[in-house]
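J.: If you scroll down you'll find the structure; I have some questions about it.
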Amino acid sequence: QVQLVQSGGGLVQPGGSLRLSCAASGNIFSITVLGWYRQAPGKQREMVALINSGGSTTYADSVKGRSNISRDNAKNTVALQMNSLKPEDTAVYYCFLVERGSNYWGQGTQVTVSS
């Protein structure tokens with residue numbers, strides 16, 4: 001079993017920045033994909049950013065150019081830096097990973113972008 005613990009998030013003004021972090025622990029042998037999803041009220045959960053074991057990244061069009069995902073393979077952590085935040089970035093953000101074919105999710109962190 002793998003556990004994910006998230007940190008970061010909160011209330012941010014439009015145009016501001018935030019950093020979300022996630023640490024994985026437990027019976028970890030090989031993490032293939034780490035990433036972040038988000039879910040806004042009344043909407044489906046959507047992918048924000050992913051990074052694979054080789055360091056290749058994928059971003060949603062809505063955050064491309066103002067976000068950066070990074071991972072530390074030695075520490076089994078992943079971080080998401082988001083800049084130029086917009087009200088439409090308001091959502092619950094979930095850390096995500098794939099380990100030996102199984103998906104795991106963090107507990108979720110509220111991010112609210114508002115003045």
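J.: Within the stretch 31-44, which residues are open to solvent by 50 Å² or more (accessible area, probe 1.4 Å) and part of a loop (DSSP other than H, G, I, E, B)?
T.: Scanning the stretch 31-44 gives 41, 42, 43, 44.
J.: In the stretch 1-22, what residues are open to solvent by 60 Å² or more (accessible area, probe 1.4 Å), farther than 21 Å from residue 98 by Cβ and part of a loop (DSSP other than H, G, I, E, B)?
T.: Matches in the stretch 1-22: 13, 14, 17.
J.: Write out, first by first residue and then by second, each pair whose Cβ atoms fall under 6 Å of each other, whose residues are 6+ apart or on separate chains, and whose first residue, in the stretch 1-29, is closer than 18 Å to residue 84 by Cα while the second is hydrophobic (A, V, I, L, M, F, W, C) and part of a loop (DSSP other than H, G, I, E, B).
T.: Going by the 6 Å Cβ cut-off, the qualifying pairs are 12/85; 16/85.
J.: Right, here's the next one. Please name all residue pairs, on different chains or six or more residues apart, with Cβ atoms under 7 Å, provided the first residue is in the stretch 38-54 and is more than 14 Å from residue 64 (Cα to Cα) and the second residue is surrounded by fewer than 13 Cβ atoms within 10 Å (Cβ to Cβ) and of a type in the set (Ser, Thr, Tyr).
T.: 52/32; 53/32
J.: Looking only at the stretch 63-115, which residues are without any contact (Cβ under 8 Å) to a residue 40 or more places away in the chain, on the phi < 0 side of the Ramachandran plot and of a type outside the set (Asp, Glu)?
T.: 63, 64, 66, 67, 68, 69, 70, 71, 74, 103, listed by residue number.
J.: On to the next question. Here are the criteria: (1) loosely packed, with under 12 Cβ neighbours inside 10 Å; (2) in contact with a Phe, Trp or Tyr (Cβ under 7 Å, 6 or more places away or on another chain). Tell me which single one residue 80 does not satisfy.
T.: (1)
J.: Can you tell me which residue within the stretch 63-77, out of those that are surrounded by 21 or more Cβ atoms within 10 Å (Cβ to Cβ) and of a type in the set (A, V, I, L, M, F, W, C), is nearest to residue 12 (Cα to Cα)?
T.: 63
J.: Taking residue 25, is it open to solvent by 20 Å² or more (accessible area, probe 1.4 Å), part of a strand (DSSP E or B) and at pLDDT below 95?
T.: Spelling it out, residue 25 is indeed open to solvent by 20 Å² or more (accessible area, probe 1.4 Å), part of a strand (DSSP E or B) and at pLDDT below 95.
J.: Can you find a residue in the stretch 50-66 that is assigned to a strand (DSSP E or B) and aliphatic (A, V, I, L, M)?
T.: yes
J.: Could you check the stretch 28-54 and list, in sequence order, the residues that are among the basic types (Lys, Arg) and at pLDDT below 95?
T.: Of everything in the stretch 28-54, nothing turns out to be among the basic types (Lys, Arg) and at pLDDT below 95.
The values are calculated or read from the model by the stated rules, or taken from the named source; none is laboratory data. If you're wondering where the values come from, they're calculated on a predicted model, not measured in any experiment. Cβ sites come from the backbone with ideal geometry, for glycine too, and all protein chains shown count toward neighbours. Surface accessibility is based on the protein's heavy atoms, side chains included, excluding ligands, DNA and RNA. Shrake-Rupley method; radii C 1.70, N 1.55, O 1.52, S 1.80 Å.
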